[in-house]
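Single-structure report; data block below.
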């Protein structure tokens with residue numbers, strides 16, 4: 001069983017040492033530029049010449065390619081097919097699939113969308129691979145993100161695997177009483193119900209206890225919160241952030257200009 | 001002056017007809033180890049919540065009477081101020097893990113972060129608290145990877161680190177195996193030795209007899225009887241009201257009927273029973 005749901009790979013790299021906010025701004029810079037920069041090959045270039053080298057610099061290339069081949073490329077490929085076949089634009093038909101036509105324009109459009117999605121998910125993947133979630137949240141909380149919001153994000157990441165384990169226990173318990181979980185699709189769909197009840201209501205009861213537990217440790221205290229870990233924020237970080245923000249603005253203005 | 005002073009406390013949960021606590025009067029001195037016993041629905045947990053400020057601040061409902069800890073009245077305080085003085089730990093160790101932290105060390109520091117304790121003090125206070133409960137070796141583990149007994153000690157440490165004046169424990173060992181129970185009890189025993197005031201709901205009569213300084217028996221929201229563990233746990237009042245007694249007490253009571261137990265006082269623990277039967281011989 002997974003102990004927790006986190007992509008974080010603990011390594012020592014330039015990227016790992018960056019302030020979490022800098023990395024978050026970097027992600028938004030990737031998205032901003034990929035979606036607005038008025039050059040057809042921009043997203044693909046970002047992916048090939050910036051994101052992939054960045055994965056190597058961050059020493060997470062193996063984990064990144066694992067995610068890319070299992071998740072990002074299949075998702076983008078599916079999106080590409082859908083857009084290419086269903087976009088009702090263009091005249092020049094490249095190929096046909098029954099009654100669906102892929103035209104030169106729809107293929108070009110599908111390529112743009114897919115490439116943008118690849119850049120977006122890749123940037124987020126790199127962020128998650130190189131940033132410890134609690135570091136990200138404590139840095140954002142320090143900058144004014146409400147503590148409750150940070151708590152919801154982090155505790156969800158931690159509690160999901162626990163709920164998964166509980167669901168397994170409930171399934172096993174119901175099966176031992178003869179619940180059919182292995183026959184036709186309809187029967188299996190029906191057998192979800194006796195699982196959902198105990199899982200959902202059980203979790204609701206737990207929520208009250210957990211609320212009491214964190215309340216007992218001053219969660220709603222009005223005092224200014226402190227943080228156990230100091231998250232370094234250097235001049236380099238601040239400079240990088242400003243450069244990235246300028247890049248985003250530049251990209252957007254170019255888009256509006258042209 | 002007593003650390004805790006409860007005057008005529010009556011409390012009713014929202015949407016219920018009968019009060020969960022009825023006319024409770026209770027004084028607790030600094031350093032006492034009080035054990036609360038009673039059947040399901042007798043008001044044990046409600047009493048714990050009242051001491052910890054969750055009744056009425058969290059559960060709402062109707063309350064009359066007053067609870068004072070260290071001279072401050074609960075009604076004139078808010079929950080986040082109150083929890084600094086009174087620590088609460090309860091039954092299910094799993095639900096007491098905040099879920100917001102990835103290591104035991106961070107988990108224990110969670111309360112200090114909320115209280116705005118400076119980083120420099122945090123480090124040493126967490127280390128000190130972990131030493132007190134003997135979990136220093138777990139510092140870097142994930143709280144979710146621990147056994148129940150370990151998790152319960154983490155939960156206890158997370159409360160202790162906030163240095164409360166009163167520690168309220170609602171059946172902390174009920175889901176533990178014998179080893180977990182012993183771990184938790186030995187921690188609490190050490191704490192009381194160093195002057196901590198503890199109120200603990202517990203059913204394990206022999207452990208109570210060993211460690212508690214006073215026992216309070218609750219029935220239907222009122223205090224049925226209270227006093228020294230040796231007196232309360234062997235009294236006829238308890239048996240008449242359906243409380244469970246230690247197996248040594250029942251054996252000796254039976255033996256007394258047959259003239260085999262000569263002492264006036266009945267035993268609670270194995271040690272007392274052995275000693276008493278030995279004197280007979």
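The values are calculated or read from the model by the stated rules, or taken from the named source; none is laboratory data. Please read all numbers here as calculations on a predicted model, not as lab measurements. Please note: Cβ atoms are built from the backbone with ideal geometry, for glycine as well, and neighbour counts cover all protein chains shown.
Once the range B:126-156 is narrowed to residues that are within 11 Å of another protein chain (Cβ to nearest Cβ) and either assigned to a helix (DSSP H, G or I) or touching a residue at least 40 places away in the same chain (Cβ under 8 Å) (or both), the residue that is nearest to residue B:91 (Cα to Cα) is B:155. When B:210, B:203, B:189 are checked against the criterion of being part of a loop (DSSP other than H, G, I, E, B) and within 30 Å of residue B:162 (Cβ to Cβ), a single residue qualifies: B:203. For the residues A:230, A:208, the requirement of being within 14 Å of chain B (Cβ to nearest Cβ) and assigned to a helix (DSSP H, G or I) singles out A:208.
Does residue B:210 meet the test of being at pLDDT below 90 and out of contact with any helix residue (DSSP H, G or I) (no Cβ under 9 Å at 6 or more places or on another chain)? No.
Can you tell me which residue in the range B:43-64 is farthest from residue A:214 (Cα to Cα), limited to those that are more than 9 Å from chain A (Cβ to nearest Cβ) and surrounded by fewer than 18 Cβ atoms within 10 Å (Cβ to Cβ)? For the range B:43-64, the residue satisfying everything is B:64.
Once the range B:83-116 is narrowed to residues that are surrounded by fewer than 22 Cβ atoms within 10 Å (Cβ to Cβ) and over 12 Å from residue A:134 (Cβ atoms), the residue that is farthest from the other protein chains (Cβ to nearest Cβ) is B:85.
Residue B:19 passes every criterion in (1) crowded, with 20+ Cβ neighbours inside 10 Å; (2) over 14 Å from residue B:168 (Cβ atoms); (3) under 20 Å from the mean Cα position of the chain (by Cα) apart from (3). When residue A:149 is evaluated against the numbered criteria (1) modelled with pLDDT of 85 or more; (2) within 14 Å of chain B (Cβ to nearest Cβ); (3) buried (at least 16 other Cβ atoms within 10 Å of the Cβ); (4) under 28 Å from the mean Cα position of the chain (by Cα), which criterion, by number, is the only one it fails? Every listed condition holds for residue A:149 apart from (3).
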